[in-house]
1. Among the residues of the stretch 109-120, which ones are more than 16 Å from Leu245 (Cβ to Cβ) and either modelled with pLDDT under 75 or in contact with a His (Cβ under 9 Å, 6 or more places away or on another chain) (or both)?
2. Residues that are farther than 20 Å from Ser87 by Cα, of a type in the set (A, V, I, L, M, F, W, C) and at pLDDT 90 or above: does the stretch 145-154 have at least one?
3. Kindly provide the set of residues from the stretch 177-194 that are under 19 Å from Ser36 (Cβ atoms) and crowded, with 17+ Cβ neighbours inside 10 Å, ordered by number.
4. Restricting to the stretch 27-48, name every residue that is hydroxyl-bearing (Ser, Thr, Tyr) and in contact with a Ser or Thr (Cβ under 7 Å, 6 or more places away or on another chain).
5. Consider only pairs whose beta carbons are under 6 Å apart and that are at least six residues apart or on different chains; among these, list those whose first residue lies in the stretch 202-217 and is in contact (Cβ under 8 Å) with a residue 60 or more places away in the chain and of a type in the set (Lys, Arg) and whose second residue is in a helix (DSSP H, G or I) and surrounded by 15 or more Cβ atoms within 10 Å (Cβ to Cβ).
6. Report yes if some residue within the stretch 261-269 is surrounded by 23 or more Cβ atoms within 10 Å (Cβ to Cβ), among the aliphatic types (A, V, I, L, M), under 15 Å from the mean Cα position of the chain (by Cα) and under 28 Å from Gly378 (Cα atoms); otherwise report no.
7. Within the stretch 253-294, track down each residue that is out of contact with any Ser or Thr (no Cβ under 8 Å at 6 or more places or on another chain) and among the acidic types (Asp, Glu).
8. Filter the helices (runs of 4 or more DSSP H) completely within the stretch 329-448 down to those with at least 1 residues that are more than 24 Å from the chain's Cα centre (by Cα).
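The values are calculated or read from the model by the stated rules, or taken from the named source; none is laboratory data. As the structure is a computational prediction, the values presented were derived from the model and not from experiment. Cβ coordinates were reconstructed from backbone atoms using ideal geometry, including for glycine residues, and neighbour counts include every protein chain displayed.
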Amino acid sequence: MGVVAKQTFYNLLSIGLAFFLGAVNTLYMYPNFMGSRFQGVVIALLAYSNLVQPFISFGLQHAIIKYYSSFNNKKERDSLLIFSIWSPLLILSLIFFYLYFFSTSLVSNISSKEPLLSTYAFVIILIAISTSYFEIFYSWLRVQLVSVFGNFLKEFYPRLLNFLLLTLYALDYINFEIFIYSLIIGYYLRLIFIIIYSLIVYSPEITFKLPTSYLKIIFYSFLIFLSGAASSVILDIDKSMIASLITSDDVAFYSVALFIAAVIEAPGRAMFQIVSPLVSKAINSNDKKYLIRLLKKSSNNLFLVSGFLFLLINLNTGDFYKFVNQPLYASAISVVSVVSIGKLFSMSIGCLNNIITNSKYYHYIFWFSVISATTAVGLNLILIPKYGVIGAAYATLFVIIFINTMKLILIAYGLKIHPYSFQTLKILLLIIVVYFILKEINLEYSSFINLGLRSLLIICLYAILSQFLGLSKDINQQIKKYLS
C-alpha cells in the first residue's frame with residue numbers, strides 16, 4: 001500500500017485545497033458578485049457538458065486502465081494509447097453531423113426557463129471536448145502510476161480558474177460574456193498542460209495499427225460509454241432538471257448543498273486515482289489475495305475518514321449557513337443531510353467500482369447505470385415539481401443506495417468477496433455514537449465560534465475513539481510518518 005498511501009495523500013491534499021477554493025467560489029464569490037442567476041447558468045452549462053462528455057470519450061479512458069497492463073510489449077501498449085486519441089475524432093464528426101440538423105430543437109428544450117442557456121449553449125460541446133481528451137490523457141498517467149499532477153489539474157485547476165475569473169468579474173475587469181469565453185480558454189489550457197506532461201512521462205510511438213483484441217476493446221469501451229452516459233445522467237440530471245422545471249436560482253441553491261455533501265467523497269476521489277490501475281493489474285494477473293486486500297483496506301480507510309467528514313458537515317451545517325450569511329441558499333440545508341448519507345454509503349464500499357469495471361462483470365455496470373438513470377429521471381420528474389430541491393435530494397439518495405446495493409450483490413455472488421468486516425461495524429457505531437453525543441450539545445456563541453468549538457470536539461472525540469478501537473493502522477502509520 002506504499003504507492004497507494006503516498007499518492008493518495010498528495011491527491012487528497014490537492015482535492016482538499018480544491019474543495020476549499022471551491023467553497024470560496026460557491027459560497028462567497030458567486031453569490032456575492034455574480035448572483036444566483038448567473039451562477040445557476042454556469043453550473044447548468046457545466047452540468048450539460050458533463051452529460052455530453054461520455055459520448056465523446058466513449059469510455060476509452062477506462063479501456064486504457066483495463067487493458068494497458070494486459071499488454072506485454074511497448075508496441076501493443078502504444079497502439080492502445082494512439083487508438084484512444086483518434087477514435088473520439090470519429091465520434092465527434094457524428095455528433096457535429098447530428099447537431100447540424102437538430103441543434104435548434106435541443107437548445108430550445110434546455111433553455112425553456114432560462115434564455116441565457118440558449119445564448120451560451122455552444123459552451124456545452126466545447127468544454128465537453130476538452131474534458132473528454134483530458135480524461136484520456138489523464139488515464140495515460142494513471143497507468144504509469146503517476147496520478148498527482150493529473151489529479152491537481154482535474155480537481156484544483158478548475159476551481160482556481162473559476163476563482164481568478166470571479167475575482168476579475170468582481171473588480172469589473174470582465175463582464176459575464178468574457179467570463180464564459182475565458183472559462184473555455186482555461187479548460188483548453190488545462191488540456192494542453194496534461195498533454196505535455198503525459199508525453200514527458202511516457203512517449204508512445206505513433207502507429208495507426210489497431211491494438212490486439214481491438215474488437216474486445218471497442219465492445220468494452222461501448223458498454224463503459226453507455227454506463228458513463230447513464231452515470232452522468234445520475235450525477236447531473238438533477239441540476240439540469242431543476243433548471244428546466246424550477247429556476248436557475250434553485251440550481252445554485254441545490255448545487256451549493258451538493259458541493260458541501262460532496263466533501264465526504266474527497267478521500268475516495270484521491271484514492272481511486274491510483275488504486276484503479278492496481279486493481280486492473282491484480283485482476284489481469286489473477287491475484288485475488290491482493291485484490292481482496294485492496295478492497296478491504298480501501299473500504300475501512302475510506303469509511304473511517306469519510307465518516308469523520310460526515311460528522312464535521314452534518315453537525316456544523318446550521319452554523320455554517322449562518323456564517324456565510326446567505327439566507328436564500330439556506331433553503332437547501334436539508335439537501336446536505338440527505339445526500340451526505342448516500343455519499344457515506346458510497347465510500348464504505350471501497351474500490352468495489354474499480355473491481356467491477358476491470359473484471360469480467362463490467363457489462364453489469366451498464367444495466368445498473370441504465371436502470372438507475374431511468375429511475376433518477378422518473379423520480380426527479382415526480383419529486384422536483386412537488387417538493388422542490390429536497391425532492392431531487394431524495395431521488396439522488398435512493399439511486400445511490402440502489403446502485404451500490406446492486407454492485408455489492410454482484411461481487412458477493414460473482415467473485416465471492418465483499419468490502420465489509422467487523423471493523424466496518426465498529427466504524428459505523430463510532431459515527432453514530434459521536435453524532436448523537438455531539439448533537440445534544442448546544443453552543444450559544446457566534447456561528448464562527450460554534451463552528452470552531454464543535455469541530456474541535458468532533459476531532460478530539462473521533463480521533464481518541466478511533467485510536468482506542470484500533471480502526472486503521474494504515475492511517476495511523478501514515479500520520480506518524482508525515483509528522484516525523
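1. Once the filter is applied, which keeps residues that are more than 16 Å from Leu245 (Cβ to Cβ) and either modelled with pLDDT under 75 or in contact with a His (Cβ under 9 Å, 6 or more places away or on another chain) (or both), the stretch 109-120 yields Pro115, Leu116, Ser118.
2. yes
3. Listed by number, the residues that qualify are Phe179, Ile180, Leu183.
4. Tyr48
5. From the stretch 202-217, the pairs are Lys209/Ser79.
6. Within the stretch 261-269, one or more residues are surrounded by 23 or more Cβ atoms within 10 Å (Cβ to Cβ), among the aliphatic types (A, V, I, L, M), under 15 Å from the mean Cα position of the chain (by Cα) and under 28 Å from Gly378 (Cα atoms).
7. The one that is out of contact with any Ser or Thr (no Cβ under 8 Å at 6 or more places or on another chain) and among the acidic types (Asp, Glu): Asp287.
8. The qualifying helices (runs of 4 or more DSSP H) are 363-387, 389-414, 422-439.
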